[in-house]
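Worksheet: the structure to be examined is printed underneath.
Just so you know, all these numbers are worked out from the coordinates, no wet-lab data involved. Treat the numbers as computed from the prediction; the structure is a model and nothing was measured. Heads up, the Cβs are rebuilt from the backbone with ideal geometry, glycines too, and the neighbour counts pull from every protein chain shown.
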Amino acid sequence: MRTMTLGKTGSKVQELGMGAMYLPRVSAEASDWIILKALELGKRLLPALEKCDECGTCVEKCPYDIPTPQRVQELLEMLRS
């Protein structure tokens, strides 16, 4: 499994993907339900996410060096599809 460095901490963490795998320790049906529920709840965030003007303030405050504006745009694209 691939790893990545977590922000400024230097900690190594595993990258996880949900694209083609089921959640461990639950049935395929439960896994499907969890993923669909997460997407449904995520769509409720659309109005707030659409307000992001990519100013970068969140990036400056984030201790994990997460490119939040980029992630917000990726999430918007996913939720709109």
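Computed values, structure above
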| item | result |
| --- | --- |
| Residues of the stretch 24-54 classified as outside any helix (DSSP H, G or I) and free of Cβ contacts under 8 Å to residues at least 12 places away in the same chain, total | 7 |
| Subset tally (residues that are exposed (fewer than 10 other Cβ atoms within 10 Å of the Cβ) and in contact with an Asp or Glu (Cβ under 8 Å, 6 or more places away or on another chain)) for the stretch 32-81 | 0 |
